[in-house]
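Right, one structure below, let's go through it.
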Amino acid sequence: MTKLRRFSPGGCFSYVYLIILSVFSVFPLLWLLVSAFKSSGEMLTNPTKILPIDWTLENFHTVLVTLGFTTNIKNSLIVALCTTVIATFISALAAYGIIRFFPRLGNIMTKILITTYMFPSIMLVIPYAVVMNVLRLTNTRIALILVYMSFSVPYAVWMLVGFFKTVPIDIEASARIDGANRFQVFTRIVLPLVRPGIVSTAIYVFINAWNEFLYALLLVSSSAKTTLSVAVKTLEGADILNWGSMMAASAIVVLPSIIFFCIIQNKIAGGLADGAVK
């Protein structure tokens with residue numbers, strides 16, 4: 001028979017405290033999502049009511065069809081996904097190279113990389129704009145991908161270096177003895193072992209690229225190439241702010257990050273021993 005846990009006042013207080021914190025943390029998101037299904041009239045007459053009287057998709061129809069936010073969603077997805085895939089791939093190669101080929105200089109190199117975050121984003125706008133103008137990439141999605149990679153890759157390398165340090169060198173040596181080359185060791189042995197770190201890094205890069213606003217506003221001027229975060233900002237410039245449309249657009253901005261995390265979060269706990277030799 002299983003033993004019942006002994007009642008502990010401290011443990012009970014901890015659970016209650018965590019539940020209260022969870023409610024406070026989740027409530028703004030839930031209120032945003034629920035408000036997106038309220039009619040415009042209900043948002044004005046009774047904005048503090050949590051559940052809508054009549055559930056409606058009018059706000060989403062206005063945002064997606066009338067305002068044409070589907071184009072902005074496509075632009076954001078292209079930029080965010082391309083940045084995530086390319087930056088994660090480059091960062092994994094760089095982190096592995098630092099650990100295996102430059103072990104003594106690894107800590108110094110990662111600290112140098114992370115110092116790039118000392119500069120505020122607004123300070124780098126003019127240099128980025130000049131470079132993109134010289135490359136003739138102004139007002140293109142490629143410009144945004146390159147800019148996002150420039151400040152995503154250094155932090156991603158710094159994150160992955162810690163994960164690659166946990167991979168025992170003996171596992172790689174055993175694979176080399178069995179006839180695997182360096183590339184096979186990296187792809188079939190090392191990468192499965194650091195899969196949780198790669199997934200965490202991908203989540204970080206995707207969310208940053210999806211939510212970025214400053215460079216998307218300044219480097220892209222065409223409405224056909226504008227990202228979703230900039231398109232949502234334009235709703236504030238209307239003569240009469242439609243709060244229902246604003247809530248629906250904000251929900252569209254938030255949901256992809258949540259869906260992306262829910263899809264790949266099960267891989268964070270898995271793969272710790274995949275690829276290891278017996």
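Before moving on, here are some points about what is shown:
- Considering residues of the stretch 108-145 that are in contact with a Ser or Thr (Cβ under 9 Å, 6 or more places away or on another chain) and open to solvent by 50 Å² or more (accessible area, probe 1.4 Å) only, the residue farthest from Gly162 (Cα to Cα): Thr138
- Checking each residue in the stretch 57-68 for being within 26 Å of Val26 (Cβ to Cβ) and open to solvent by 60 Å² or more (accessible area, probe 1.4 Å) picks out Leu57, Glu58.
- Thr166 meets the conditions (1) β-branched (Val, Ile, Thr); (2) open to solvent by 40 Å² or more (accessible area, probe 1.4 Å); (3) part of a helix (DSSP H, G or I); (4) in contact (Cβ under 8 Å) with a residue 12 or more places away in the chain in every case but one. The failed one is (3).
- Failed item in (1) open to solvent by 30 Å² or more (accessible area, probe 1.4 Å); (2) under 26 Å from Ile108 (Cβ atoms); (3) among the small types (Gly, Ala, Ser), with Ser174 passing the rest: (2)
- For the stretch 48-56, the count of residues that are open to solvent by 30 Å² or more (accessible area, probe 1.4 Å) and in a helix (DSSP H, G or I) is zero.
- Looking at Ala249, Ala224, just one residue is under 24 Å from the mean Cα position of the chain (by Cα), crowded, with 21+ Cβ neighbours inside 10 Å and aliphatic (A, V, I, L, M), and that residue is Ala249.
The values are calculated or read from the model by the stated rules, or taken from the named source; none is laboratory data. None of these values were measured; they are calculated from a predicted model. No Cβ is skipped: glycine too gets one built from the backbone with ideal geometry, and neighbour counts run over all protein chains shown. Heavy atoms of the whole protein, side chains included, go into the accessibility calculation; ligands, DNA and RNA do not. Shrake-Rupley method; radii C 1.70, N 1.55, O 1.52, S 1.80 Å.
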